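Trainee: Structure incoming, see below.
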Amino acid sequence: MRRRDFVKAMGALPAVWPLAARAQQTERMRRIGVLMPFHTDDPEAQTGLAAFLQGLQQLGWTENDNLQVEYRWSGGDAERLRRYAAELVALAPDVILATGATVGVLLEDTKAIPIVFAIVADPVGRGFVESLARPGTNATGFLTFEYSMGGKWLELLREIAPDVKRIGVLRDSTLPSGSGQFGAIQSVAPMFAAELTPIGMRTPEEIERGVAAFARSSRGLIATGSAQAWIHRKSIVALAERYKLPTVYFQRMFVKQGGLISYGPDSIDQFRRAANYVDRIFKGEKPADLPVQGPTKFELAINLKAASVLGLTVPPALIARADEVIE
């Protein structure tokens, strides 16, 4: 090559190299949308997201390096949730991480963008997927629990408070999972000679009215799983304490905040496992082909201080089974 041609070729390289570098960077960068129905400062939700991001990092995806994340928090506001869902879909991310009812809102806006969910009860009944084994849609993820767990909640309540006969069941009647959980508890109630009363929990006002009307002697509560229970957990725990109602909750976070006893899946683990599905989708797999998985870790937690306030003596055998005992 003549020197003049060589210099000309070299002079063109600075213009070519940045373009090539930018192309490679664009290829490596992935975008995730995160849609949460909780408040931004919710510590449990933040811990779950931290576990999700840590899981992605272990798989080679680091935020602000080869991963961009767009966060939206609706804080329990249905209108805001719909607006944020539309915003995220308009951004056309590679994947959207969602929980609970947010999945249904997203599916109204997109049938193409992959959605990975955590903490969802009955995704088949809610129409998110066609079946657990073969989702068949653009959504897949992790099931919170089977409805049969309702029987375990009732069993635990009678074990820690054997005199309780009349039991209020807090559930979100607007969700299939709310009816499903209540139905599961109802099916085993005769075995424990228990009389059940459903109590709505869509708003703090509805919860307070329902619990106040129900609260009398020899009564207890079961708080079933839903986003509303998660969002209003402080109110639910406070009402149970005010009316001295032994209460079984669906997750450990209630017991950490002063509740009596809980049994349910490790929600943080579900976020951590969701990272693996996001990684697989990044690498070309389809949500329709990734089976919905159930929880693998369950936790029994007991608050002995709450038991003392209620005048209950926790059986030693129950304490021995617990994963966490709060003194």
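What follows is calculated from the coordinates using simple rules that are stated; it is not laboratory data. Model, not experiment: these values are computed from the prediction. Glycine gets a Cβ as well: all are built from the backbone with ideal geometry, and neighbour counts include every protein chain shown.
Trainee: Can you show me the helix-derived [θ] at 222 nm for the chain, built from DSSP H runs with n ≥ 4 at -39,500 (n - 2.57) apiece and divided by the number of residues, rounded to the nearest 500.
Mentor: Only helices count here, giving -14000 deg cm²/dmol.
Trainee: Let me ask something additional. In whole Hz and in residue order, list the ³J(HN,Hα) couplings for segment 222-239 that follow from phi through the Karplus curve 6.51 cos²θ - 1.76 cosθ + 1.60, θ = phi - 60°; x for Gly and Pro.
Mentor: The phi angles translate into 10, 9, 7, x, 5, 4, 5, 5, 4, 5, 9, 4, 5, 5, 5, 5, 5, 5 Hz.
Trainee: Now a separate question. Towards the positive end of the charge dipole of segment 138-276, with charges on Cβ (+1 Lys, Arg; -1 Asp, Glu), say which of 157, 215, 263 has the farthest Cα.
Mentor: Comparing the listed Cα positions along the dipole, 215 ranks first.
Trainee: Let me ask something else. In degrees between 0 and 90, to the nearest 10, how far off the longest principal axis of the chain does helix 267-282 point, with axes built from Cα atoms?
Mentor: Once rounded, the angle reads 30 degrees.
Trainee: Give the order of 152, 244 when sorted by the count of other beta carbons within 10 angstrom, beginning with the fewest. Intermediate results must be reported in sequence, preceding the final value.
Mentor: Working: 152 18, 244 13.
Ascending number of Cβ neighbours within 10 Å: 244, 152.
Trainee: Compare the Cα positions of 45, 238, 136 along the charge dipole of the chain (+1 at Cβ of Lys, Arg; -1 at Cβ of Asp, Glu; about the Cα centre) and return the one farthest towards the positive end.
Mentor: 136
Trainee: Which listed residue (177, 112, 148) has the Cα farthest towards the positive end of the charge dipole for segment 102-186, taking +1 on Lys and Arg C-beta and -1 on Asp and Glu C-beta about the Cα centre?
Mentor: Of the listed residues, the answer is 148.
Trainee: Please state the relative contact order of the chain as a whole percent: Cα pairs under 8 Å, 6+ residues apart?
Mentor: Value for the chain: 18 percent.
Trainee: Could you tell me the largest-minus-smallest coordinate of the C-alpha atoms of the chain on each of the three principal axes, in descending order and whole angstroms?
Mentor: Between the extreme Cα coordinates on each principal axis of the chain lie 99, 38, 34 Å.
Trainee: Follow-up question, since we're still on this one. Can you classify segment 157-243 as rounded, prolate or oblate using the Cα gyration tensor, where a ≥ b ≥ c are the square roots of its eigenvalues, rounded means a/c under 1.5, and otherwise it's prolate if a/b beats b/c and oblate if not?
Mentor: On the way: a/c = 1.95, a/b = 1.19, b/c = 1.64.
It comes out oblate by the Cα gyration axes.
Trainee: If you wrap a convex hull around the C-alpha atoms of segment 191-327 and split its volume per residue, what is the figure in Å³?
Mentor: 147 Å³
Trainee: Would you list which lysines come within 22 Å of residue 305, measuring only between C-alpha atoms, while excluding same-chain residues fewer than 8 positions from it?
Mentor: Excluding near neighbours in sequence, the set is 234, 244, 256.
Trainee: Right, here's the next one. Between Rg and the Kirkwood Rh of segment 25-89, both from Cα atoms, what is the Rg to Rh ratio?
Mentor: A ratio of 1.02.
Trainee: Under a GNM of the chain (C-alpha, springs under 10 Å), which listed residue has the highest mean-square fluctuation: 107, 143, 67?
Mentor: Checking each option, the largest mean-square fluctuation is seen for 67.
Trainee: By how many degrees, 0 to 90 and rounded to 10, does the Cα axis of helix 43-58 deviate from the longest principal axis of the chain?
Mentor: Taking Cα atoms only, the helix is inclined about 40 degrees.
Trainee: Taking the Cα centre as origin and putting +1 on Lys and Arg beta-carbons and -1 on Asp and Glu beta-carbons, what dipole magnitude results for segment 27-147, to the nearest 20 debye?
Mentor: For segment 27-147, the charge dipole is close to 280 debye.
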